[in-house]
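The values are calculated or read from the model by the stated rules, or taken from the named source; none is laboratory data. As the structure is a prediction and not an experimental result, all values here were calculated from the model. Positions of Cβ are generated from backbone atoms using ideal geometry, with glycine treated the same way; all protein chains shown enter the neighbour counts.
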Amino acid sequence: MLPVLVHFTFTALWSQVLLYAVALAAVAYISYNGWRNAEGTPKAPGEKPAPPTSEQRMSRALGYGAIAALLAWFGLRYALPSSAIPDGKGEGIPVHTYGVLLASGFITAVSVASRLAQEEWRKLAWVPDAQGGGRWVDVEGPRKREAVMDLAFYVLVGGLVGSRVLFVLVNWKDYARDWTQVLSLGGGLVFYGGLIGAALAAYYFARKNDMDFLRLADLAIPTVSLGQCLGRLGCFSAGCCWGDVASAGSRFMAHFPGSGLAKDIFGRLGGTSSLAFQSQAQDARYVVEATGEILHHAAPGAVRISEWVTQHGTTLPVFPTQIYESVGQLVLFLVLLYARRFRRFHGQIFALWLMCYAVLRTSVELFRGDTERGTLHGLLQSLGASGLADAVPLEAWFNISTSQFISLCMFTFGATLLYRRIRRAGEAAGVGPTPSPA
């Protein structure tokens, strides 16, 4: 497990100048992309837009450049010391394995989705040439591929906002003390929040660009599982979303390291503990090593969790739930990609994914051990209902998590959508229910 691949620091003058140059080049490139991809005003609804004017190009370039410059400023303040930039934190740039794999998953998902969009909307037209001949050209597929590439920006923003909002809601008691921390770089993200935020952004994009949302969802949603397959490997590297304590005899388990053992890709101590280690180092409960049983009081053969992990420098053996979900997501992607060949209506693959992922996530949640993800026990405690919270122990199977509750809602929505679309498809084919005689 590598929480941090490598940590770049910028204490030397040459490295600070280099970082400024890279930031400036990034802002210039993003501004150029805004200029190049500017759109003209449509001549009429449904027609191809006219070529953009110089004013339209400049306006888009300035908008892109302003956003890029703002992001670059925050990044430089985080990475550089105060001697190189006002109010600099001097944290450098740690390249986290989680971030690399999450970004890789997103890029892979967008690439596959754009290719599927080109195949989905393929429309051939005969284009004559000057010699009197011609050739068949796909006139619609490439445009839809570019549209999905544009959609990626909306999905990225919607996903980040949604995942952060749900994380704050789940941990609202912590943020109630200081709401300014909501916008801080610390804290975490929640997949379901990101999924909801990305879905809303995609729906807005589809409506804006006159695309059938369910048709778009059918081709895009399996790639979400492909991205999550890599994303969950990032969770495994960072030591987040970890599993419950496994018994000593378990053959498939994982230990997540503390800062004294966690190394980077070059074998150097990274100085960063896995999130699982940080959590268990503060866990005052007790555990029976042989069985993995968690207790809230001292007992013969039991040891305090925080003392055990401090002594060993790693977490207790836990179920690698990140690997469970990663494998499940890969299988889900492959199955639904194959199932697209047998679609009967738009929305079928989307509904099946909602149902299948809900089952997968609920099953994996049964093996989770991170109480930070939000549970019924924690909700009751935050509401001041300590008596009810005691009746729902942290380790109880009925102490459902926030994700399990959302999974239940998502499965219901998917099943309802599938039923309604099947019924509509049957009625359209003339095989619907026969009306009763008068």
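Table for the structure above
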item: Yes/no for Leu330 being in contact (Cβ under 8 Å) with a residue 40 or more places away in the chain, surrounded by fewer than 20 Cβ atoms within 10 Å (Cβ to Cβ) and in contact with a Pro (Cβ under 7 Å, 6 or more places away or on another chain); result: no
item: Residue selected from region 333-360 under the condition of a type in the set (D, E, K, R) and in contact (Cβ under 8 Å) with a residue 60 or more places away in the chain, by the criterion farthest from Ala109 (Cα to Cα); result: Arg344
item: Hey, Phe350 under 18 Å from the mean Cα position of the chain (by Cα), at pLDDT 80 or above and either crowded, with 16+ Cβ neighbours inside 10 Å or in a loop (DSSP other than H, G, I, E, B) (or both) or not; result: yes
item: Condition met for Asp87 (acidic (Asp, Glu), surrounded by fewer than 14 Cβ atoms within 10 Å (Cβ to Cβ), without any contact (Cβ under 8 Å) to a residue 60 or more places away in the chain and more than 30 Å from Val4 (Cα to Cα)); result: no
item: Val303 vs. criteria in a strand (DSSP E or B) and either more than 18 Å from Thr371 (Cβ to Cβ) or of a type in the set (D, E, K, R) (or both); result: yes
item: Lone qualifier among Thr9, Thr97 - being in contact (Cβ under 8 Å) with a residue 40 or more places away in the chain, surrounded by 15 or more Cβ atoms within 10 Å (Cβ to Cβ) and farther than 30 Å from Ala339 by Cβ; result: Thr97
item: Residue satisfying condition, being under 24 Å from the mean Cα position of the chain (by Cα), touching a residue at least 60 places away in the same chain (Cβ under 8 Å) and part of a loop (DSSP other than H, G, I, E, B), within set Ser273, Ser237, Ser250; result: Ser273
item: Neighbours by Cβ (under 7 Å, 6+ apart or cross-chain): first from region 137-164, more than 15 Å from Ala109 (Cβ to Cβ) and in the same structural domain as Ala202 (by TED's automatic domain parsing); second polar (S, T, N, Q) and part of a helix (DSSP H, G or I); result: Gly141/Gln118; Pro142/Gln118; Lys144/Gln118
item: Verdict on Arg304 being under 28 Å from Ala391 (Cβ atoms) and assigned by TED's automatic domain parsing to the domain that holds Phe411; result: no
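Per-residue answers, yes or no, for (1) of a type outside the set (Asp, Glu); (2) at pLDDT below 95; (3) under 28 Å from the mean Cα position of the chain (by Cα):
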{"position": "Gln278", "(1), (2), (3)": "yes, yes, yes"}
{"position": "Arg285", "(1), (2), (3)": "yes, yes, no"}
{"position": "Ala290", "(1), (2), (3)": "yes, yes, no"}
{"position": "Ala298", "(1), (2), (3)": "yes, yes, no"}
{"position": "Gln329", "(1), (2), (3)": "yes, no, yes"}
{"position": "Phe333", "(1), (2), (3)": "yes, no, yes"}
{"position": "Leu336", "(1), (2), (3)": "yes, no, yes"}
{"position": "Arg340", "(1), (2), (3)": "yes, yes, yes"}
{"position": "Phe345", "(1), (2), (3)": "yes, yes, yes"}
